[in-house]
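Asker: This is the structure I have questions about; it appears just below.
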Amino acid sequence: MRTPIIAGNWKMYKTLHESVDFVRELAPRLAPFTGVERVVCPTFVALAAVAEALKGTDIKVGAQNMNWEAQGAFTSQIAPTMLQGLVEYVIIGHSEVRAYLHETDEDINRKVKAALAYGLKPIIAVGESLAQNEAGETEQFVGGQVRTALNGISADNMRNIVIAYEPIWAIGTGKNASGDLANSIIGGTIRGTLAQLYGNDVAQSVRIQYGGSVKPGNMAEYMSQPDIDGALVGGASLKVDDFTQLVEAAAKAKGV
Ligand code: 13P
């Protein structure tokens, strides 16, 4: 069985102190739900302090991006070597990074390889724009993003990879994809692509999240879908009550 995974992507929200205060309040609330993997992804400057505050809990920490080089003259960038030992996960290919920092599918593939090489687990984000969705291009586009991101990645490494399907039109808009639609892209397109690349056993073992306007009120709709293994959450992960309700809903729907 695939262990459900809920990750809070805090984007450019919460200062260092707000982040630490938040996880001190959040950790005991999430503690009972041991059947769900729970991850927080704060801003870089808060990673070390949040990791320290969560020591002794089973809540994991993730980064929101990284460079693929081990070190070098890359002003402003964060290397995988700097995240090693600090975080377990790293979000790679978020649509905001693709859009604002002009990250390409090839960059994402380099980052995935670098993350794995340094023992970090990538959460690879994919998803189509509204225009692509309306033009009926979702399956081809998302399948292509998955293929390029995983170019040269072995089947063995797939156990350390999580994929997040985040349709761009659903992010921060309140216009979430229906559970059925999300399940069909995740189960059909993404698992289908994984099956072509690695065979059915691997395709069935990889955890795939939905992301985009996930809230306590719609979480059960996603978690009751057979192919959706969790959520990558922005806005609702910034509130202790909401985050807790999301994890509780996942535990209930998945029976863990
Ligand atoms: P929202 O949950 O705020 O729509 O953000 C989703 C997201 O981008 C998570 O990575």
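The values are calculated or read from the model by the stated rules, or taken from the named source; none is laboratory data. Predicted model, so just to flag it, every value in this text is computed and none were measured. All Cβ positions, even for glycine, are placed from backbone atoms using ideal geometry, and neighbour counts span all protein chains on display. Note: areas computed on protein heavy atoms with side chains; ligands, DNA, RNA excluded. Shrake-Rupley method; radii C 1.70, N 1.55, O 1.52, S 1.80 Å.
Asker: Name the residue, out of Lys175, Lys239, that is open to solvent by 40 Å² or more (accessible area, probe 1.4 Å), more than 11 Å from the ligand (Cβ to nearest atom) and more than 17 Å from the chain's Cα centre (by Cα).
Answerer: Matching residue, one of Lys175, Lys239: Lys239.
Asker: Tell me which residues, restricted to the stretch 5-36, are within 16 Å of the ligand (Cβ to nearest atom) and either touching a Cys at 6+ places or on another chain (Cβ under 8 Å) or not hydrophobic (A, V, I, L, M, F, W, C) (or both).
Answerer: Ala7, Gly8, Asn9, Trp10, Lys11, Tyr13, Lys14
Asker: Let me ask another. Only one of these conditions is not met by Ile190: (1) within 15 Å of the ligand (Cβ to nearest atom); (2) surrounded by 20 or more Cβ atoms within 10 Å (Cβ to Cβ). Which number is it?
Answerer: (1)
Asker: Now a separate question. What are the pairs with Cβ atoms under 8 angstrom where one residue, in the stretch 118-132, is closer than 19 Å to Val39 by Cα and assigned to a loop (DSSP other than H, G, I, E, B) and the other, located anywhere, is of a type in the set (D, E, K, R) and open to solvent by 10 Å² or more (accessible area, probe 1.4 Å)? Sequence gap at least six, or different chains.
Answerer: Leu120/Glu88
Asker: Look through Leu197, Leu181 and report the one residue that is within 16 Å of the ligand (Cβ to nearest atom) and open to solvent by 30 Å² or more (accessible area, probe 1.4 Å).
Answerer: Leu181
Asker: In addition: Go through the stretch 97-129 and give me each residue that's of a type in the set (D, E, K, R) and open to solvent by 60 Å² or more (accessible area, probe 1.4 Å).
Answerer: Residues satisfying the conditions are Glu106, Arg110, Lys113.
Asker: Evaluate the following for Ala49: is it more than 16 Å from the ligand (Cβ to nearest atom) and either of a type in the set (Gly, Ala, Ser) or part of a loop (DSSP other than H, G, I, E, B) (or both)?
Answerer: So Ala49 passes the test.
Asker: Can I ask one more? On the basis of being free of Cβ contacts under 8 Å to residues at least 40 places away in the same chain, under 26 Å from Gln245 (Cβ atoms) and buried (at least 17 other Cβ atoms within 10 Å of the Cβ), does Ala7 make the cut?
Answerer: Judged against the criteria, Ala7 is not a match.
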